[in-house]
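K.L.:
Structure incoming, see below.
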Amino acid sequence: MEKICILGMGYIGMPTACMLANNGYEVLGVEVNDKIIDKLNSGELHINEPDLDKIFLKAYKNKKIRISTKVEKSDVYIIAVQTPLNIQKKADLNYVMNAANMIKDFIHKGNLIILESTCPPGTTRDIVGNIIERGTLFKAGIDYFLSFCPERVLPGNIVYELVNNDRIIGGINKESAERAAKIYKSFVKGKIYLTSLEVAEFVKLAENTFRDVNVAFSNELALICEEYKINVWEVIRFANMHPRVNILNPGPGVGGHCIPVDPWFILENIDIKDTLIEKCRNINDSMPLKIVMRTVYILKDYKNPKVTIFGLSYKENVDDTRESPAFIIINELTEKGINVSAYDPMVVNFEYLLSDMEEALRDSDLLLLFVGHHKFKEISLEKIAELMRNKNIFDTRNFYDKSCVEKLGFKYYLI
Ligand SMILES: NC(=O)c1ccc[n+]([C@@H]2O[C@H](COP(=O)([O-])OP(=O)(O)OC[C@H]3O[C@@H](n4cnc5c(N)ncnc54)[C@H](O)[C@@H]3O)[C@@H](O)[C@H]2O)c1
């Protein structure tokens, strides 16, 4: 049985490890975070994703997956560590480099190395390939195989999409791509397309940048509609009835580990100035402050105002708060002397987070809906009205029904 070592037991590495462990491979999950290791080794998950517990427990009980801090000699190595932005808005590739350094001493002829982490074009060849070559004198594509296999799963539906999405797989040569495809074919039902390393790296970035640009367009429409006093949500709904138009929704900013990050990776090594991509990034980055300005305006007549934020994760129905624009909104409001409390039934461990919904809403002057978790629909508007001092709702997601809210005496503000 082939042995696969996966570095990084996060949102991508962990589900991938479980899939492979349940589909004929012996899997070693390597992690550097002790808390994650302790949890996984006691059969518990650190990530809240539908059905992930089932596939993890199956692999764990069948002893097909082990978790360790140390790499072991394997046939295949998959790197699925984080690739955040640094303060210069460049890819911080230290995690990828550390991972490559951790495996280089174990590589032997005929091994396959797969990079899954999203990265600027050229990273697999120039960074991972070079580290392995310097450590071993092995040539990629000759002595060992090198591949880039990006992930395009939707958080909140990772287990399903891991199996059913089509995949693009890049290789330093054809055999590298084919060997990687064979591994993924063990559990992927979608189509698998083979290409070069750099095309695969770029495709991943292009996909997320497309979404970022689309959201920026939508945010700009929202700002323009505000001047015209037109409801942007209605505009987008009708425009999307055109068979070739698909405008995404505006919102209070773009968060998460991918969409606000990946467009900068595209721009990282190029000379072209003044790009559409950068402008769109800046529009999306400006949204949290626009939300803050409007919030301050809504509250201008109240003394010692209190704002209750519903939802802290970067998108609805997930527990992930990475790059969530809620951080910026909370910090800015607090700096302006506004009391902020926050409630999110999906999220644990977040400054300002209150586990008690009633406490978060009590004597509040404004409910700021930041993300529309399904669970918020279970909270009755009557209950919210009862708890608040002043009945104002600022809805950044078109989540509540305006007429229902207004019937209960709320003033309703929509992005
Ligand atoms: N989360 C997503 O929805 C998603 C989707 C597509 C692509 N990606 C990309 O996949 C990559 C991983 O993302 P993620 O969301 O799983 O990140 P994550 O932060 O959830 O997981 C990364 C894990 O790697 C561990 N790690 C760091 N260095 C390590 C090392 N040297 N050895 C072993 N473990 C190490 C970290 O402790 C962490 O637990 C990123 O490049 C991301 O951009 C993520």
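The values are calculated or read from the model by the stated rules, or taken from the named source; none is laboratory data. Here the structure is a predicted model, which means the values were calculated and not measured. Heads up, the Cβs are rebuilt from the backbone with ideal geometry, glycines too, and the neighbour counts pull from every protein chain shown. Calculation scope for accessible area: heavy atoms of the full protein, side chains included, ligands and nucleic acids excluded. Shrake-Rupley method; radii C 1.70, N 1.55, O 1.52, S 1.80 Å.
K.L.:
In segment 291-315, what residues are part of a helix (DSSP H, G or I) and open to solvent by 80 Å² or more (accessible area, probe 1.4 Å)? Give the derivation first.
P.N.:
Initial filter on segment 291-315 (part of a helix (DSSP H, G or I)): 291-298.
Scanning segment 291-315 gives MET293, TYR297.
K.L.:
Further question on the same structure: Any idea which of (1) open to solvent by less than 40 Å² (accessible area, probe 1.4 Å); (2) touching a helix residue (DSSP H, G or I) at 6+ places or on another chain (Cβ under 9 Å) is the one VAL347 doesn't satisfy?
P.N.:
With respect to (1) open to solvent by less than 40 Å² (accessible area, probe 1.4 Å); (2) touching a helix residue (DSSP H, G or I) at 6+ places or on another chain (Cβ under 9 Å), VAL347 is out only on (2).
K.L.:
Kindly indicate whether VAL81 is within 15 Å of the ligand (Cβ to nearest atom), assigned by TED's automatic domain parsing to the domain that holds ALA177 and over 22 Å from the mean Cα position of the chain (by Cα).
P.N.:
Values: within 15 Å of the ligand (Cβ to nearest atom): yes; assigned by TED's automatic domain parsing to the domain that holds ALA177: yes; over 22 Å from the mean Cα position of the chain (by Cα): no.
In short, no.
K.L.:
A further question on this structure: Kindly indicate whether ASN208 is open to solvent by less than 30 Å² (accessible area, probe 1.4 Å), polar (S, T, N, Q) and either part of a helix (DSSP H, G or I) or without any contact (Cβ under 8 Å) to a residue 24 or more places away in the chain (or both).
P.N.:
Considered against the rule, which asks whether it is open to solvent by less than 30 Å² (accessible area, probe 1.4 Å), polar (S, T, N, Q) and either part of a helix (DSSP H, G or I) or without any contact (Cβ under 8 Å) to a residue 24 or more places away in the chain (or both), ASN208 comes out as yes.
K.L.:
Mind checking which residues of segment 254-288 are in a helix (DSSP H, G or I), without any contact (Cβ under 8 Å) to a residue 60 or more places away in the chain and within 14 Å of the ligand (Cβ to nearest atom)?
P.N.:
PRO263
K.L.:
Among the candidates GLY29, GLY129, which residue alone is more than 22 Å from the chain's Cα centre (by Cα) and either of a type outside the set (Phe, Trp, Tyr) or crowded, with 20+ Cβ neighbours inside 10 Å (or both)?
P.N.:
After applying the criteria, what remains is GLY129.
K.L.:
Considering each of ILE338, ILE298, ILE330, ILE291 in turn, give the residue that is more than 16 Å from the ligand (Cβ to nearest atom), among the β-branched types (Val, Ile, Thr) and without any contact (Cβ under 8 Å) to a residue 40 or more places away in the chain.
P.N.:
Residue meeting the stated conditions: ILE330.
K.L.:
Looking only at strands (runs of 3 or more DSSP E) that lie completely in segment 1-99, which have at least 1 residues being in contact with a helix residue (DSSP H, G or I) (Cβ under 7 Å, 6 or more places away or on another chain) and without any contact (Cβ under 8 Å) to a residue 40 or more places away in the chain?
P.N.:
Ranges flagged: 26-30.
K.L.:
Then there is this: Tally time: how many residues in segment 358-391 are within 20 Å of VAL292 (Cβ to Cβ) and under 26 Å from the mean Cα position of the chain (by Cα)?
P.N.:
6
K.L.:
Return the residues of segment 164-186 that are β-branched (Val, Ile, Thr) and without any contact (Cβ under 8 Å) to a residue 40 or more places away in the chain; say none if nothing qualifies. Even if it seems obvious, please write down each step before you answer.
P.N.:
Taking segment 164-186 first, the residues β-branched (Val, Ile, Thr) are 168-169, 172, 183.
Selection gives ILE168, ILE169.
K.L.:
Separate question: Note down all Cβ pairs under 8 Å where the first residue falls in segment 141-163 and is over 23 Å from VAL199 (Cβ atoms), the second is hydroxyl-bearing (Ser, Thr, Tyr) and more than 12 Å from the ligand (Cβ to nearest atom), and they're at least six residues apart or on different chains.
P.N.:
Every condition considered, the pairs that remain are ASP143/THR136.
K.L.:
Now for a different question. Any residue at all in segment 106-126 that's free of Cβ contacts under 8 Å to residues at least 24 places away in the same chain, more than 11 Å from the ligand (Cβ to nearest atom), open to solvent by 20 Å² or more (accessible area, probe 1.4 Å) and not in a loop (DSSP other than H, G, I, E, B)?
P.N.:
Within segment 106-126, the subset free of Cβ contacts under 8 Å to residues at least 24 places away in the same chain is 126.
Restricting the remaining residues to those that are more than 11 Å from the ligand (Cβ to nearest atom) gives 126.
Next, from what is left, pick out any that are open to solvent by 20 Å² or more (accessible area, probe 1.4 Å): 126.
Those still in the list that are not in a loop (DSSP other than H, G, I, E, B) too: 126.
Yes - at least one qualifying residue is present in segment 106-126.
K.L.:
Answer with yes or no whether PRO250 is within 16 Å of ASP285 (Cα to Cα), of a type outside the set (D, E, K, R), in contact with a Ser or Thr (Cβ under 6 Å, 6 or more places away or on another chain) and not assigned by TED's automatic domain parsing to the domain that holds VAL81. Don't jump to the end; show me each part of the working.
P.N.:
Details: within 16 Å of ASP285 (Cα to Cα): yes; of a type outside the set (D, E, K, R): yes; in contact with a Ser or Thr (Cβ under 6 Å, 6 or more places away or on another chain): yes; not assigned by TED's automatic domain parsing to the domain that holds VAL81: yes.
Yes: the conditions hold for PRO250.
K.L.:
Turning to a different aspect of this structure: Would you say LYS73 is basic (Lys, Arg), in the same structural domain as GLY156 (by TED's automatic domain parsing), modelled with pLDDT of 95 or more and away from the ligand (no atom under 14 Å from the Cβ)?
P.N.:
yes
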